[in-house]
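Chemist: Supplied in structure tokens, the structure appears directly below.
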Amino acid sequence: MAPTIALAKFRGRTPSYPIHGGRILDTVYLDVPAIPTSPFRVGDEIHVYCLKTKPKNRNSPADDSKYEIHPTDIRGRIVGFRTMDSETTEMVMKNDDPLSTTEYAHMTVPHIHNVTTTLPIWLRIVRWLALKLGLLPMTTRRIPVERIAVTAETEM
């Protein structure tokens, strides 16, 4: 099965400790504003492409693309979900690329069930209970859903 492509905006990175085999590995944090072709599930294979804001081209008004796509070395499987608040869900992805310095990627998506994510039934129940009992904040931050129709792919 072909990997699902995730179009993501880079948010930050932190070091992963302890150092593995003399290599310094890090954890990358990404926001996924684009709706995927199929909802993300645990076990899905993902290939991340980075969205970067494209400078406006004054010479070509017909060029209305807002982002450039840059391939990344982040590809692997989703190993879990974390419920952050009522509006977002964070996917934890283990990077399978042996040459990459990224060990894990935490991708935050707007929580739209069966559109951006498909959670197992037990996690949906836990999420619902946590929200009803006030154990989770209603909203900490929003990731606006963008319909990214026109993009230009570039090499890194």
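Chemist: What pairs come up if the first residue lies in the stretch 116-134 and is closer than 17 Å to Val79 by Cα, the second is among the hydrophobic types (A, V, I, L, M, F, W, C) and modelled with pLDDT under 90, and their beta carbons are under 7 Å apart, counting only those six or more places apart or on different chains?
Modeler: Going by the 7 Å Cβ cut-off, the qualifying pairs are Thr116/Ile35.
Chemist: Please specify each residue of the stretch 79-102 satisfying the condition of being crowded, with 19+ Cβ neighbours inside 10 Å, β-branched (Val, Ile, Thr), out of contact with any Pro (no Cβ under 9 Å at 6 or more places or on another chain) and under 16 Å from Arg41 (Cα atoms).
Modeler: Selection gives Thr83 alone.
Chemist: OK, next. Does Thr140 meet the test of being modelled with pLDDT under 85, over 26 Å from Arg75 (Cα atoms) and of a type in the set (Ser, Thr, Tyr)?
Modeler: Spelling it out, Thr140 is indeed modelled with pLDDT under 85, over 26 Å from Arg75 (Cα atoms) and of a type in the set (Ser, Thr, Tyr).
Chemist: Please verify whether the stretch 52-74 includes one or more residues that are crowded, with 20+ Cβ neighbours inside 10 Å and either in a loop (DSSP other than H, G, I, E, B) or of a type in the set (S, T, N, Q) (or both).
Modeler: yes
Chemist: Can you tell which of Val28, Val42, Val32 is among the aliphatic types (A, V, I, L, M), at pLDDT 90 or above and surrounded by fewer than 17 Cβ atoms within 10 Å (Cβ to Cβ)?
Modeler: Exactly one residue qualifies, and that residue is Val42.
Chemist: Please go through the stretch 103-135 and pick out each residue that is in a loop (DSSP other than H, G, I, E, B) and either on the phi > 0 side of the Ramachandran plot or surrounded by fewer than 17 Cβ atoms within 10 Å (Cβ to Cβ) (or both).
Modeler: Ile112, Asn114, Val115, Thr118, Pro120, Leu133, Gly134, Leu135
The values are calculated or read from the model by the stated rules, or taken from the named source; none is laboratory data. Because the structure is a prediction, the values reported are computed rather than measured. Note that each Cβ is placed from the backbone with ideal geometry, even for glycine, and that neighbours are counted across all protein chains shown.
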